[in-house]
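The block underneath contains the structure these notes are about, expressed in structure tokens.
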Amino acid sequence: GERVVRRLIDGTLSQDPWTIGEEFVRGDALTRATDRAKELLMRQQPRQAFEAVAAVLDQIERSGRYRDTERVKYRYFNSYIERALFNRMQAAAGDASTILLVPDAYYEAHLIVSAASLMTGDTTRAIAHAGLWRSFAPMDARSYLHLASCLDVVDSNQEAIDCLCELLERAHDPMGVGFGYYRMAYFQWKSGNIAAAQACYKLAMQFVPGALPMVVMELMVLHLQHGDELAPDLPREEAERVCGAHGI
């Protein structure tokens, strides 16, 4: 509000109501920076995207504006469903903290910095910001999937599996569950757990039928490489049992 009024007073903001509304909602430095960075990422310019947002985000982080305290936690939710489920988890854990919401731009900035860092080979920074994103968006399947992808680049297989196990404990919609199993299949395969990989592919198809062509192609490769270790027919109940035996 102060920013809008100051610009109206000094004459740098048009008095058009739509322009004033846009300035009020999206005129802060971080939102402007993330908008610019998203454009640069779409143009395949990750280094410039990082530079567009990093300084503004770093200033906010140094200020501790969205840092958790004993009484207050800062979180992000994509929907009322995510918030309601988080409330239940919080209550079950006996956590009486007040939950305040971080802005959309803060959520987007961490994703941009992580993605841009990954594209430029700075895996340490990519993983750090992906981990922060997951911590303040604990019900968002995308935060877990992105962190798992970052960990894959540095061959942190077990950490990626742990991340996806946490996702599958919290996933609440078919897409989140399905893609959680789909990515888990890859990491189980990579770890040599062939039966678990097959089971995860089976469950992924149950939740995301649209991914069937992609899953079938990968299953064909799995059969070519490890056909003697795979069950000829795998009912859903057996797939769930196999996953459970591997802590999934």
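The values are calculated or read from the model by the stated rules, or taken from the named source; none is laboratory data. This one's a predicted model, so the numbers in the text were calculated from it and none came from an experiment. Cβ atoms come from the backbone with ideal geometry, glycine included; neighbour counts cover every protein chain shown. SASA here: full protein model, heavy atoms, side chains in, ligands and nucleic acids out. Shrake-Rupley method; radii C 1.70, N 1.55, O 1.52, S 1.80 Å.
Laid out as a table, the results:
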read-out: Members of the range 236-248 found to be assigned to a helix (DSSP H, G or I) and crowded, with 17+ Cβ neighbours inside 10 Å, listed by number; value: A239, V242, C243
read-out: Residue satisfying all of: in the range 33-52; part of a helix (DSSP H, G or I) and of a type in the set (S, T, N, Q); surrounded by the most Cβ atoms within 10 Å (Cβ to Cβ) among these; value: T34
read-out: Residue selected from the range 6-27 under the condition touching a helix residue (DSSP H, G or I) at 6+ places or on another chain (Cβ under 8 Å) and among the small types (G, A, S), by the criterion surrounded by the fewest Cβ atoms within 10 Å (Cβ to Cβ); value: S14
read-out: Test: L30 is touching a residue at least 24 places away in the same chain (Cβ under 8 Å), open to solvent by 50 Å² or more (accessible area, probe 1.4 Å) and touching a Phe, Trp or Tyr at 6+ places or on another chain (Cβ under 8 Å); value: no
read-out: From the options A148, A211, A141, A185, residue that is small (G, A, S), within 21 Å of the chain's Cα centre (by Cα) and at pLDDT below 95; value: A211
read-out: Exclusive hit being surrounded by fewer than 17 Cβ atoms within 10 Å (Cβ to Cβ), out of contact with any helix residue (DSSP H, G or I) (no Cβ under 6 Å at 6 or more places or on another chain) and at negative phi, set Q198, Q158; value: Q158
read-out: Residues of the range 201-217 satisfying the condition of being touching a helix residue (DSSP H, G or I) at 6+ places or on another chain (Cβ under 7 Å), open to solvent by 40 Å² or more (accessible area, probe 1.4 Å) and either among the aromatic types (F, W, Y) or farther than 16 Å from P174 by Cα (or both); value: F207
read-out: Odd one out for R3, checked against (1) open to solvent by 50 Å² or more (accessible area, probe 1.4 Å); (2) closer than 24 Å to S117 by Cα; value: (2)
read-out: Residue in the range 170-179 that is in contact (Cβ under 8 Å) with a residue 24 or more places away in the chain and buried (at least 24 other Cβ atoms within 10 Å of the Cβ) present; value: no
read-out: Criterion violated by S114 - all others in (1) crowded, with 21+ Cβ neighbours inside 10 Å; (2) within 29 Å of E240 (Cα to Cα); (3) not aliphatic (A, V, I, L, M) satisfied; value: (2)
read-out: Answer from V113, V72, V4 - the residue that is within 18 Å of the chain's Cα centre (by Cα) and not charged (D, E, K, R); value: V113
